[in-house]
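Taking it in order: structure first as structure tokens, then the write-up.
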Amino acid sequence: MIIILNKHISDTQKHAIKEFLKERKFKVREIVGQEETILGAVGAMRIDIREVSLLDGVADVIPISKPYKLASRELKKSDTIVQVGNVKVGGNRIAVIAGPCAVESREQIMSIAKSVRNSGAVILRGGAFKPRTSPYAFQGLGEQGLIYLKEAGEAFDMPVTTEIVSPKDVDMMLDYVDMFQIGARNMQNFELLKEVGKTGKPVLLKRGLAATIEEWLMASEYLMASGTDQIILCERGIRTYEKATRNTLDISAVPVVQKLTHLPVIADPSHATGLRDMVIPMSLSIVAAGASGLVVEVHNEPEKALSDGPQSLYPAQFEKLMKDIQALAPVVGKSLVRTPRIHMLENTEKSADTVQSGEMTVAFQGEEGAFSERAVYQIFDQETKVLPCRSFAAAFEAVHSKQARYGVLPVENTLGGTINEVLDLLNSYPDLTVVGEKQIRIKHNLIGLPDSKIEDIRKVYSHPQGIAQCADFLTNELSHAEAVPFFDTAGAVTHLASLADLSCAAIASIDAAKRHHMKVLKEEIETNSRNYTRFYVLSREEDAQEFRSAIESDRVAMVFSVHDRPGSLFEVLKTLSDYGMNMKKLESRPIPGKPWEYSFFVEAELIKSPTFEKAIGEIEEHCDSFRVLGTFKGDRA
Ligand code: PEP
Ligand code: MN
């Protein structure tokens, strides 16, 4: 049952409720949410829930209707994020687990670990105990395989996962693995589930060969009831009458399971299809279906693999797959958890582009719920402190004056174009530098009060960019309403809430609507759904290395003005071309106080040192003024 507590419950009352339940052999879990705190109570004993609802401090009691209780969405509404070593899995992230079917030798696992890591895998897989259909097939290297797997994980800074097949191996394996894998054949091995659950370690729980979704979730309930809430569910194909593929990938299980449970769900296209050439298209459809990640088998020499060679990708195919996922992720509102390339690792412990930030503050323009805030949480982890600023200039000032370590500011939108003010500010803060880039998909919504109706709307508040990006909707479907510019989309929703006028609406994100309990009158009203905004991450020059060292830069942004003579801009662009620095963006801005003179902003592909410095030296010769605004890892699909 779910027990909703009164907002102002005292500690003594809460303690008394917990004791009442524990005496009746209930397992109690406290879940603190933004709106309310609840207790989840699961047990075998039948009690009349009216008894519980009468206890002091209880606001309401709701029975959980599903047979799986701790795993159900009814108990916990928010997505569970599973922490595997230094990698977070769940929510809007896509985490890719890759490696061979089985660890075959030290050289083999080292070589594969290096290549999958370089392509962007964040967790290494590799079986040491292989539950094979035939007793004569390769059974795995056992503990020696675990030793090699752990060594490869440590060498390439990836947590590792491997299958456990027997409860007697739990203690021995604890030291070697960051996440246990329960294989399809053992999904209903309840003694194994109980022993593994007791360890509290993360578990990758594969769906059984012929298990229903409910049976699969009951298996996760076994793990949870035994002591771990760190579970990742993995769809890996089910047995059907179809023989063209090894199994039948049940893609619709992904959204179904997401509705039923708060646990993250990922999928394994390798065992689902059994055929290498189907792994890439199925991986993309898994991502499109909304999964939080993939498990992919990769082998350096698949034709010689001791198990599952025909379904293992060549390293080059895996590299291509990761690029495709990176392009697709923002389209479906997800962000690929990436790792730095290996040669950047020497001086850093950071691993993801989600920099672990601790107490660090990040400034952005707008209110809570703004798209810029969403970008912040896609770059930094969820515990990051944010500093909402009223203007772009205030956000720059916050970083400059050390109120914030980083700033996340929009530079360009695919429909609205360049945000000139941000470029101009970059030019006027020489101590600030660009260290990162993030692209997010912008979905605008028409938001009203809970009782508003679309036909009654007469005024629509939003940021001018929001209004511009929804021009077609405003002209065709809301021609009777006046569009009123506001300093920020999320701020427009705050304003709407304070007006309490049924004829007013705002254009903003779903996050902003939820934050103020407003109603979404119409979703995704932007003129073109390929609507992305690109953000820069800024820091002071002295802190830049902290961010950059985690991610290999492949872009450079610069600003310059040229001599007033024929061909001077051409000379700069020619130098870029001569050095193979592919230009990605060129923008000109008037120079304040110098009528009809311009600064040029250029983004180009970064080339290696020392050739880069040589190219910059040559460019400077053609310029009146020149500055590298920063180097960063590009994030454009
Ligand atoms: C594996 O991951 O190597 C494996 C054996 O998977 P499954 O249990 O899904 O068949
Ligand atoms: Mn396999």
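Here are a few things to note about the model shown:
- Cross-link check: pairs Lys69/Lys453; Lys77/Lys198; Lys259/Lys584; Lys198/Lys320; Lys27/Lys443; Lys594/Lys614 evaluated at a Cα-Cα cut-off of 32 Å; pairs beyond the cut-off: Lys69/Lys453; Lys259/Lys584; Lys198/Lys320; Lys27/Lys443.
- On a per residue basis, the chain carries 43 Å² of accessible surface, using protein heavy atoms and a 1.4 Å probe.
- Each peptide in 233-243, 267-277 receives the mean, over its residues, of other Cβ atoms within 10 Å, and ordering these scores from highest gives 267-277, 233-243.
- Projected label distance in nm at Ala316 and Ile31, using a 7 Å step from Cα toward the beta-carbon: 4.8 nm
- Potential lengthening of the chain between Ser503 and Gln382 amounts to 40.0 nm, from the contour at 0.36 nm per residue minus the alpha-carbon distance.
- Per the Debye calculation on region 2-62 with a single equal scatterer at every Cα and no solvent contribution, log₁₀ I(q)/I(0) for q = 0.16, 0.19 Å⁻¹ amounts to -0.43, -0.62.
- Distance (nanometres) between label positions extended 7 Å along Cα→Cβ at Arg565 and Lys194: 8.7 nm
- Considering only the chain, percent of DSSP beta bridges that pair antiparallel, nearest 5: 60 percent
- The chain - percent of accessible surface contributed by carbon and sulfur, probe 1.4 Å: 52 percent
- Rounded to the nearest 20 debye, the dipole magnitude of region 552-637 is 220 debye, with +1 charges on Lys and Arg beta carbons, -1 on Asp and Glu beta carbons, and the Cα centre as origin.
- Kirkwood Rh, Cα atoms: Rg over Rh of region 445-522: 0.91
- Cα centroid separation, region 410-445 to region 46-65 (Å): 51 Å
- Applying the Kirkwood pairwise sum to the alpha-carbon positions of the chain produces a hydrodynamic radius of 27.1 angstrom.
- Projected label points at Phe612 and Ile47, each 7 Å from Cα along the beta carbon direction, are separated by 6.3 nanometres.
- For the chain, the 222 nm mean residue ellipticity estimated from helices alone, with every DSSP H stretch of n ≥ 4 adding -39500 (n - 2.57) and the total spread over all residues, rounds to -9000 deg cm²/dmol.
- For Ala155 and Glu524, the difference between the fully extended length at 0.36 nm per residue and the C-alpha to C-alpha distance is 128.3 nm.
- Assuming charge only on the beta carbon of Lys and Arg (+1) and of Asp and Glu (-1), the dipole of the chain about its Cα centre is about 1660 debye to the nearest 20.
- Gain in span if fully extended, Leu174 to Glu455, counting 0.36 nm per residue against the direct Cα distance: 95.0 nm
The values are calculated or read from the model by the stated rules, or taken from the named source; none is laboratory data. All values derive from a computational prediction rather than experimental measurement. Cβ atoms come from the backbone with ideal geometry, glycine included; neighbour counts cover every protein chain shown. For accessibility, only protein heavy atoms count, side chains too; no ligands or nucleic acids. Shrake-Rupley method; radii C 1.70, N 1.55, O 1.52, S 1.80 Å.
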